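The values are calculated or read from the model by the stated rules, or taken from the named source; none is laboratory data. Everything numeric in this text was worked out from a predicted model, so none of it was measured. Glycine gets a Cβ as well: all are built from the backbone with ideal geometry, and neighbour counts include every protein chain shown. The accessibility values were calculated without ligands, DNA or RNA, using every heavy atom of the protein model including side chains. Shrake-Rupley method; radii C 1.70, N 1.55, O 1.52, S 1.80 Å.
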Amino acid sequence: QQRSLAISKSKNARLLVPVVAFESSSIETHREQFILVNRARPLKQRLVNELLPHTDEALFPRDLAANLIPSELCNLLNSRQQSPFFGRVERPSLKLDRPDVIADSAVLKMVRERINGTSVALLRLKGTPQKGANLQEMLRLLTAYWSAVANVFPQAWKLPISKSRLPTAAGISVMGVMMDRICSRVGFGHKNLQGLYEVELRKIVQQCAWTSGRWGDSDMPWDALELTSKSCGRVVQILGAAYVQA
């Protein structure tokens, strides 16, 4: 844009300007080329992640393709009315005028970690090159679990991140780890998964300090939970120990 503006103001009408252009009537192709061309000077990762669900996975490097399914699930969680994330996830192209927004990067990271690894909640639904991922089943499990979180911690879930650690990136990360542990105990084939998840989550309520107090019997105050491996790891250890003993 800067070069075009400079050329338009030039007094040299005979100036020859080399141009490289892509011609296509496909918006999907436009998105794909926009991402690939800007790899030399990377776009913001959040914007790339938002664009990925509308592009062809096969065209992109493995590090980008790994975020395609999580990004699509992030979109679905934000757009479905039955989802506890409905209308709360802020994406680069969607700025929300409400105090209780949840960053898309937090949701995307939580989903990605549930898909990858060796013993996580969504791993079995990841699919293979011959058989794609089961997005609808992933969405069902995520909706059931996070609806249970919202019901068991109603005040903490609805408050903005300045007053509650639950909807922060750290809170989403911690409860994502707990999803793995609860799913491994409860299983996946039940009709009333949300109800079963709520029963399991209530076993750790007394150890949680989303809006006040301290985490479990530790000296860690509620607002000391931050998105660091040390901080999140400590809270996961506290909640995990309480869950095992329940």
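In the range 186-213, which residue that is small (Gly, Ala, Ser) and not in a helix (DSSP H, G or I) is nearest to Ile238 (Cα to Cα)? So, considering only residues that are small (Gly, Ala, Ser) and not in a helix (DSSP H, G or I), the one nearest to Ile238 (Cα to Cα) is Ala209. Please tell me if Gly216 is assigned to a helix (DSSP H, G or I) and open to solvent by less than 70 Å² (accessible area, probe 1.4 Å). Criteria not met by Gly216. Taking (1) part of a loop (DSSP other than H, G, I, E, B); (2) free of Cβ contacts under 8 Å to residues at least 12 places away in the same chain in turn, Lys163 satisfies each apart from (2).
Taking each residue of the range 186-212 that is within 23 Å of Ser162 (Cα to Cα) and of a type outside the set (D, E, K, R) and looking for partners that are part of a helix (DSSP H, G or I) and open to solvent by 70 Å² or more (accessible area, probe 1.4 Å) with beta-carbon atoms closer than 7 Å, six or more apart or interchain, yields Thr211/Gln155. When the residues of the range 111-123 are filtered to those that are of a type in the set (A, V, I, L, M) and in contact with a Leu (Cβ under 9 Å, 6 or more places away or on another chain), the one that is nearest to Ala169 (Cα to Cα) is Val111.
Annotation note: of Trp157, Trp222, the sole residue that is open to solvent by less than 40 Å² (accessible area, probe 1.4 Å) and of a type in the set (Phe, Trp, Tyr) is Trp157. Restricting the range 189-213 to residues that are surrounded by 13 or more Cβ atoms within 10 Å (Cβ to Cβ) and hydroxyl-bearing (Ser, Thr, Tyr), the residue that is farthest from the chain's Cα centre (by Cα) is Thr211. Taken over the range 76-123, the residue count meeting the criterion of being open to solvent by less than 40 Å² (accessible area, probe 1.4 Å), of a type in the set (S, T, N, Q) and out of contact with any strand residue (DSSP E or B) (no Cβ under 7 Å at 6 or more places or on another chain) is 1. Under 7 Å by Cβ, and 6 or more places apart or on different chains, what pairs join a residue from the range 1-17 that is assigned to a loop (DSSP other than H, G, I, E, B) with one that is surrounded by 10 or more Cβ atoms within 10 Å (Cβ to Cβ)? Filtered contacts from the range 1-17: Leu15/Ile7; Val17/Ile7.
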